Amino acid sequence: MNKSIFIEEVTVIDPQDKLPVEVSMFKHENGGIFGVDSSYISQVLTDDTTPFVNDPLEPNALVLLKDV
């Protein structure tokens with residue numbers, strides 16, 4: 001499993017709905033940066049689990065979201 005470190009949360013405008021969306025930005029261990037909808041993270045993040053998502057920078061892999 002790859003790792004990433006939380007950078008900051010930014011607000012972007014959803015191009016379809018034209019509404020603001022909070023996006024959590026992460027630095028991937030391979031050097032890339034990616035964002036995940038913060039509301040999605042709150043759905044997968046619980047006190048007793050390690051938050052991870054499908055890795056957007058490496059097919060067929062998972063990435064750990066650290067310092068969320």
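The values are calculated or read from the model by the stated rules, or taken from the named source; none is laboratory data. As the structure is a computational prediction, the values presented were derived from the model and not from experiment. Don't worry about glycine lacking a Cβ; one is built from the backbone with ideal geometry, like all the others, and counts go over all protein chains shown.
Worth pointing out:
- Segment 28-53 - residue that is among the polar types (S, T, N, Q) and modelled with pLDDT under 90 and, of those, surrounded by the most Cβ atoms within 10 Å (Cβ to Cβ): SER42
- Cross-chain or 6+ apart pairs with Cβ under 6 Å, segment 1-21 first and touching a residue at least 60 places away in the same chain (Cβ under 8 Å), then surrounded by 13 or more Cβ atoms within 10 Å (Cβ to Cβ) and in a loop (DSSP other than H, G, I, E, B): ASN2/GLU29; ASN2/ASP55; LYS3/GLU29; PHE6/VAL68
- Positions within segment 23-66 being free of Cβ contacts under 8 Å to residues at least 24 places away in the same chain and of a type in the set (Gly, Ala, Ser), in sequence order: GLY31, SER39, SER42
- Count - residues of segment 29-43 that are over 18 Å from PRO15 (Cβ atoms) and within 10 Å of the chain's Cα centre (by Cα): 2
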